[in-house]
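Take a look at the structure below.
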Amino acid sequence: MRVGFSGIAVIAGIVLGALQAVAGDLDLRSSAFSDGGRIPLRYVMPAAGGNNVSIPLEWNGVPPRARSLALTIVDPHPVARNWLHWLVIHIPPDVKELREGASGRAMPQGCRELVNSYGFRGYGGPQPPPGTGDHPYVVTLYALDTDRLDLNDQAGLEGFWRAVQGRVLKKATLTGYFGR
């Protein structure tokens with residue numbers, strides 16, 4: 001059987017796709033917004049006109065060596081200066097999603113939500129100051145080589161980053177925007 005160039009390209013694409021699936025390319029997405037899209041009002045803080053419902057997230061491609069996952073949502077805008085909106089640790093590696101509104105109510109067993117920059121535990125949605133333009137909200141999922149991070153509830157973003165240094169097997173990001 002003779003295979004032309006386009007046939008070889010199709011076969012190569014199939015093989016590459018299979019290898020990537022085996023290699024565990026970590027993929028993170030939300031049904032609420034696409035990467036680079038606008039975060040719907042329902043997920044922002046009440047003072048910004050929303051309901052502070054935690055965003056739905058799903059992922060696949062967790063590396064087989066991962067012993068736990070962790071999640072952050074950070075606003076790196078110069079005005080916000082790495083404002084921490086959500087920090088979740090000890091997510092079991094077989095968990096594939098955090099459902100809409102899960103924060104504080106329906107988190108998968110074993111997960112631990114830490115205190116955000118607002119000063120409370122769990123998800124705190126966008127609430128950028130008026131007139132500062134669109135802020136990026138960077139959601140990052142970390143696949144870790146440890147099942148436990150020794151962090152207190154007030155660890156914050158800096159404490160989290162120190163704790164995961166040298167422990168990240170893979171990470172994936174998703175960015176949504178919101179401004180008022």
So the check is Cβ under 6 Å with 6+ separation or different chains; which pairs have a first residue in segment 97-111 that's crowded, with 19+ Cβ neighbours inside 10 Å and a second one that's not aliphatic (A, V, I, L, M)? Ala102/Ser54; Ser103/Ser54; Ser103/Gly122; Ser103/Tyr123; Cys111/His90
Is there a residue being β-branched (Val, Ile, Thr) and crowded, with 19+ Cβ neighbours inside 10 Å anywhere in segment 139-148? yes
Could you look through segment 151-180, keep only residues that are assigned to a helix (DSSP H, G or I) and of a type in the set (A, V, I, L, M), and pick out the one that is surrounded by the fewest Cβ atoms within 10 Å (Cβ to Cβ)? Leu157
Restricting the search to segment 123-138, which residues are under 17 Å from Val74 (Cα atoms) and either hydrophobic (A, V, I, L, M, F, W, C) or surrounded by fewer than 20 Cβ atoms within 10 Å (Cβ to Cβ) (or both)? Pro129, Thr132, Gly133, Asp134, Pro136, Val138
Criterion first (among the polar types (S, T, N, Q), farther than 17 Å from Ser30 by Cβ and in contact (Cβ under 8 Å) with a residue 24 or more places away in the chain) does Thr146 satisfy it? yes
Across segment 120-154, what is the total count of residues that are under 23 Å from Ala106 (Cβ atoms) and within 16 Å of the chain's Cα centre (by Cα)? 12
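Computed from the coordinates by the stated procedures, all read-outs in this text should not be read as laboratory data. Remember, it's a predicted structure, so these values are computed and weren't measured experimentally. Glycine gets a Cβ as well: all are built from the backbone with ideal geometry, and neighbour counts include every protein chain shown.
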